[in-house]
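Step one of this worksheet: look at the structure below.
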Amino acid sequence: MKTTRRKLVGVGVAIREFRQQAGFSQDELADRMDMSTPYISMLESGKRYPSIEMLIRIGLALEVRPGAILDMITDRYIADQNKIS
C-alpha cells in the first residue's frame, strides 16, 4: 500500500518569515545568495523545497542559524499534525 506524503507547507512560510524579519525583499535575498528571485519565490510558495545546503545558505544570508529555520518548520509540522488528529 502506497502512502501519500503531505507537503511541508511550513518550509516556505519559515523562509518568508525570516526574510521579512531581516527586512529583505525577495530580490535582496536572491542577490545575497547569488540566486534568482524566481527561485526564492518558488521556495516561499512551496513549489520547490531547499536542500540542506540551500537551507544553510539561506540562514547565512539572513544571519540566522539554519537550525532556527528547521525549528520553525518542525513547529508548524507538529501543529498541522495536531489539527489532523
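The values are calculated or read from the model by the stated rules, or taken from the named source; none is laboratory data. Keep in mind the model is a prediction, meaning the values are calculated, not measured. Neighbour counts are summed over all protein chains in view; Cβ atoms, including those assigned to glycine, are modelled from backbone coordinates with ideal geometry.
Values computed for the structure shown
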| item | result |
| --- | --- |
| Helices (runs of 4 or more DSSP H) within the chain that include 2 or more residues buried (at least 16 other Cβ atoms within 10 Å of the Cβ) and more than 13 Å from the chain's Cα centre (by Cα) | 26-33 |
| E44 in contact with a helix residue (DSSP H, G or I) (Cβ under 9 Å, 6 or more places away or on another chain), among the charged types (D, E, K, R) and without any contact (Cβ under 8 Å) to a residue 12 or more places away in the chain | no |
| Yes/no for I84 being over 13 Å from R16 (Cα atoms), at pLDDT 95 or above and of a type outside the set (S, T, Y) | no |
| Set S51, S41: member being among the hydroxyl-bearing types (S, T, Y) and under 17 Å from G23 (Cα atoms) | S41 |
